[in-house]
1. Under a point spin-label approximation (7 Å from Cα along Cα-to-Cβ), what is the Asp135-Gln552 distance to one decimal in nm?
2. About its Cα centre, how strong a charge dipole does the stretch 120-202 have in debye, to the nearest 20, once Lys and Arg get +1 and Asp and Glu get -1 at the Cβ?
3. Quick one: Debye curve from the alpha-carbon atoms of the stretch 160-243 only, equal weights, vacuum; give me log10 I(q)/I(0) at q = 0.12, 0.16, 0.19, 0.27 Å⁻¹ to two decimals.
4. For the chain, what Kirkwood radius comes out of the mean inverse Cα-Cα distance, in Å?
5. If contacts are Cα pairs under 8 angstrom and at least 6 residues apart, what is the relative contact order of the stretch 123-260 in percent?
6. Using helices alone, what [θ] at 222 nm do you get for the chain, with -39,500 (n - 2.57) per DSSP H run of 4 or more residues, divided over all residues and rounded to the nearest 500?
7. Mean separation of Cα pairs under 8 Å and 6+ residues apart, divided by the residue count of the chain: what relative contact order is that in percent?
8. Return the carbon/sulfur percentage of the accessible area of the chain, one whole number, probe 1.4 Å, all protein chains in place.
Amino acid sequence: MNIEQHIQNLRRELRDHNYNYYVLDNPTVSDYDFDIKLKELQELETKHPEFFDANSPTQRVGGAITKNFETIVHEHRMYSLDNSYSKEDLQDWETRIKKLVDGDIQYTCELKYDGASISLTYENGLLTKAVTRGDGFQGDNVTANIKTIKSVPLQLKGDYLPKFDIRGEIVLPFDGFNKMNEERIELGEEPYRNPRNTASGSLKLQDSAEVAKRPLECLLYNLTGSNLGIRTQYESLEKARQWGFKVPDAAKLVNSIEEVLEFVEYWNVHRHDLPYETDGVVIKVNNLQQQEELGYTAKAPRWAMAYKFKAEQVSTKLNSITYQVGRTGAITPVANLEPVELAGTTVKRASLHNADQIEKLDIRVGDEVFVEKGGEIIPKIIAVDFAKRDSNSNPTLYITNCPECNTELIRQEGEAQHYCPNYNGCNPQIIGRIQHFISRKAMDIEGLGGETVALLVNEGLINNYSDLYELTKEQVMPLERMAEKSADNLVFGIDASKKIPFERVLFALGIRFVGETVAKKLAKHYKSIDVIATASEEDLVNVDEIGIKIAQSVLSFFKEEQNMLILNRLKQFGVQLEMSADQLIGQTNILQGQSIVVTGVFESISRNDLKKLIEDNGGKVSSSISSKTSYIVAGTNMGPSKKQKAEKLNISILNEYEFLQKIQ
C-alpha cells in the first residue's frame, strides 16, 4: 500500500470513528486508540504536505487565526420564526394556512434548541462554508471555527446532493458547560453566564484552537437549496441523518394541531431531561410543495410557527423609572430593577412600553414586581405584588417634557406612545437617525459604529446623515480610540456607501413606518426619490401594501424643508437616490394593476423566479384567490379547491409557458 492510500484509509477510519462517537453516541474504539491513529495521520500529513486535505480529521484541532471575519451574503435568506404561546395561537395559524393551500396538512414537530444559528454549505460532499445567521441576509464566515466541532461532518456519507445548505443550531450541552465553569472557577476566573451565550461567543473567537477546546455540538434541522428532490420536511431530516449529520431524533410527524399540542405538553415536562437548552417547539408544514405555496411574510415563513414554552419568572424591586428617546422621538419608559438572575442572565432593566401600560399595571417606584423574559429574550414586567406595596407609595405620573431637550411631549389620538416633536434639535433623535442610516440593512457603513456616531454628533462634527459625506480623516483622528487606520476605514466606508442601491437608501432615510419591505415596494414602483417626493396620498395608497398611515408618514417626511435640503446634499455627494440602469433592466409596467396567484409545480422556471418576473413587470403576487384576482399561473398539482374557486369566480388559468409568452 502506498503512502497516499494509507493516508486516505486512516482518514476514512477516523471519520467513521468520529461519526460513531459524536453523532451516534456509540463509540467503537477507545479514546486512546483513536488518539494513536490521529497522531499517526498527523505525522504522515506533516511529512507529505502534497496530500493536504482541508477536510481531514486532523484539521479539527484548529489553529487558524481569524482577526476579521468576512461578511458573506446568504444564497438563501435565513428567516426568523413567528412565535405562539397558546392553543388558540396555533389554531389561528392553522386556519390561516388552510385558506391558502389545498388538501390535508401534516406537521413536523421539532424541539427548538437554544443556541447560535448556523448555515453550512456542502459541495460534492465536502464542507465548504459555515456562516452565522447575522441579520438573515448576510452573516460572518466562521468556517475555520466550525470545522473544529466534532459533530459537523467535514465529508458526507452515502448518496448526497451535489450542493445544498443545511441550517442548524450550535449548542453547548449542560455537562460541557458545567465542566468549563468548574475549570474557570479553579483558575479564579469569572464563570460563563449561560450555555447559549457561551456557544454564540465561541463562534467569533479569533483562534480556532480555542474553539476546539470547547465541547460544542451542531444540531441540524433544515435543508435549503434548489432542486433538492425531497418532498417533505420529515424526509429531509431522515436524509440528513443518512449523510452523517447530527439530527435530533425527537422530531415527530403529526396530523393535527391536537397532536401538535400533545407533543408540546410532553416536551414541556421532559425538556428538563435533555442535555441541551430548549425554549420551545417548532411546527412546520411537512409537505414542501405546500410550504412553497404558503411562501413568506417580510420576516418569517408562513409555513412554520414556534411555540414557546412558558417563560421563567422572578420577583424583584423596582428602584426607579427613567425615559429614553428613540430616533423617531418616541418616548419609552424603562424600569430600573434590583439586579436579579433570570434564565441565565442578570436582569437590571425592563421596558414599560408606554403610559397606558404603566397605568394598567398601576406600577410604582418601590414596588415588588414580577419579571419574565418575553420569548426568553427581552425582560418585561408582567405584574405587581400588591401585598408588598408600601402604603405611602404614590401613583406614577408620566413625564410631560422630553428628558433630553425639555420640549413638551405630544401624543397623537389613537397612538400609545408620547413623542418629542423637536425633530432637528433633540440629540438622541439625531444620533438615532444617523445610527439607523449606517446600520447593516441600510447603508452598511464599515468602520462606523453607534458609539462613534454619538461622538461625532456630540463633538459637533455632524448634525444629520448627509454631514457624514463631508467628514475628513483629519477631523475624526482626534476622536477617542480613533487610530489612523480606523480613521482611514471610516472615511473609506462612508465613500463606499455611495454604491448602496436605492431601495436600501430609502430604508436608511428612517421615514416612519417605512421598513425594508415597504422601501422595496416604493423603490420598485416609483424608481426615484424625486417621483416619490411628488406623489399624492391617493397615488401612494394605490401601491401594493401601502396604507393610509404609511402614505401620510411619507408625505409628512417630504413636506419638511430640512429633509429636502438633506436629500439634495445626498444627491450632490453621489448617494443612489434612484434605481440604476442595471436594476431597471427587465422591469416593465406590463402587469401594472394586476393581482396574480401562483400555484403548483413548474418545469421551466422556479416559483421564486416566476414571482420575481411578476413583480419586475409591475404585477402583484397574491397568495389567495378572490374576486380581485386577475388570473392564476398554474403548474402541475394545482389543488382541486383552488381550481373550483377559480371556475366559480370565472378567473382565467394560464400555464407557465402562456404566462411567459404574455410578458415577452
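The values are calculated or read from the model by the stated rules, or taken from the named source; none is laboratory data. These numbers come from a predicted model, not from an experiment. Neighbour counts are summed over all protein chains in view; Cβ atoms, including those assigned to glycine, are modelled from backbone coordinates with ideal geometry. When the accessible area is computed, the model is the full protein with side chains, heavy atoms only, and any ligands, DNA or RNA have been set aside. Shrake-Rupley method; radii C 1.70, N 1.55, O 1.52, S 1.80 Å.
1. The two pseudo-label positions are separated by 2.9 nm.
2. Details: 11 positive and 12 negative charges, 61 e Å.
So the magnitude is around 300 debye.
3. -0.50, -0.73, -0.86, -1.29
4. On the way: mean 1/r = 0.0349 Å⁻¹.
Answer for the chain: a Kirkwood hydrodynamic radius of 28.7 Å.
5. Numbers: 178 pairs, mean separation 39.8, N = 138.
Worked out over the stretch 123-260, it gives 29 percent.
6. Working: 25 runs with 240 residues, N = 664.
So the calculated ellipticity at 222 nm is -10500 deg cm²/dmol.
7. Numbers: 1130 pairs, mean separation 63.6, N = 664.
10 percent.
8. Working: 15740 of 33590 Å².
Its accessible area is 47 percent carbon and sulfur atoms.
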